[in-house]
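Structure, as structure tokens:
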Amino acid sequence: MKQVLAAGLIASTLGFSDTALAQSKDNWPSPIPDENFGQVLFDRLEYTRNDEQQNIAVWDMQAWYGGDYHRLVFKSEGENTQNDGMPTDLERAEVLYGYLVSAFWSVQVGLGTKGELASDADMENYAVISYQGLAPYWFEMENSLRINEDGDMQFINETEYDWQLSQVSYLQPRLEIVANLTESEKYNRQSGLSNIRIGLRYRHEITREIAPYVGVYYSEALGNTADALNADGEPTSETGVVLGARIWF
């Protein structure tokens with residue numbers, strides 16, 4: 001209302017009639033329409049060498065399509081230990097609907113599956129709700145709650161920070177915490193804090209879309225999960241070096 005009054009006052013001051021002002025509005029350009037667009041991002045596409053002398057291929061990707069507020073999101077993450085005779089381990093494959101709830105945060109809900117990619121594998125299917133976005137001081141965060149068909153619940157937090165060293169180089173600390181809110185005998189999960197993984201990567205952009213990196217990581221089992229591994233004679237920690245690339249298009 002104030003804008004209309006102001007426009008009328010300006011028009012009167014400059015000697016324009018209401019008719020002339022209305023005619024001038026007919027020549028104004030149309031508002032920008034809502035548009036859909038998308039992106040595919042491989043945040044981690046890497047080759048790992050751990051302290052058990054194992055070579056592991058790892059991927060962690062996310063794709064989305066939609067507008068500013070409503071988006072269809074696909075997430076996939078997994079790894080394959082080379083030459084061990086075991087199938088690829090799919091850590092997650094999720095299809096979600098995302099809605100922007102604030103300038104930097106979106107809520108995503110959908111369905112997912114995980115397990116070994118083998119014909120006789122018993123895949124774990126689950127519903128998931130995620131709260132993903134940019135925290136204060138530019139920390140990228142994803143908080144996910146998974147509930148499977150048996151009612152078992154798992155919470156996963158992933159946090160990253162891009163420390164810009166130059167126009168094309170970054171140092172990226174990364175933290176992942178897994179907590180099993182319930183115990184699952186079927187999927188061999190112990191209740192409580194399960195794992196923590198800390199990583200550090202140096203990334204250099206060849207182009208904005210392609211950025212090779214090198215890094216290190218440390219992973220540690222916690223609580224009841226560590227006790228179960230000790231009882232089975234399995235290691236509770238892992239250290240490794242990584243070589244990979246961050247790619248988006």
How would S76, S166 rank on accessible area, largest to smallest, probe 1.4 Å? S166, S76
Which three extents, in angstrom, do the Cα atoms of segment 39-248 have along their principal axes, listed largest first? 49, 38, 34
For Y137, Y65, give the ranking by accessible area with the largest first, probe 1.4 Å. Y137, Y65
Computed FRET efficiency, Cβ-Cβ of A57 and E35, R0 25 Å: what is it to the nearest 0.05? 0.10
In whole percent, the fraction of accessible protein surface over the chain that belongs to carbon or sulfur atoms, probe radius 1.4 Å, stands at 59 percent
Formal net charge of residues neighbouring G66 (Cβ-Cβ distance under 11 Å; K, R +1; D, E -1): -2
Compute the angle between helix 2-14 and the longest alpha-carbon principal axis of the chain, please, reported from 0 to 90 degrees and rounded to the nearest 10. 40 degrees
Potential extension, W163-V241 segment - 0.36 nm per residue separation minus Cα distance: 26.1 nm
What spacing in nm lies between the two simple spin-label points modelled at V107 and E79, each 7 Å away from Cα in the Cβ direction? 3.3 nm
Per residue accessible area in Å² of the chain, where ligands, DNA and RNA are left out and the probe is 1.4 Å: 61 Å²
Could you go through segment 168-174 in sequence order and give the Karplus-derived ³J(HN,Hα) for each residue, using 6.51 cos²θ - 1.76 cosθ + 1.60 with θ = phi - 60°, rounded to whole Hz, and x for Gly and Pro? 10, 10, 9, 10, 10, x, 9
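The values are calculated or read from the model by the stated rules, or taken from the named source; none is laboratory data. All of these numbers come straight from a predicted model, not from anything done at the bench. Virtual Cβ from ideal backbone geometry, glycine too; neighbours counted across all protein chains shown. We work out accessible area using only protein heavy atoms, side chains counted, and drop any ligands, DNA or RNA first. Shrake-Rupley method; radii C 1.70, N 1.55, O 1.52, S 1.80 Å.
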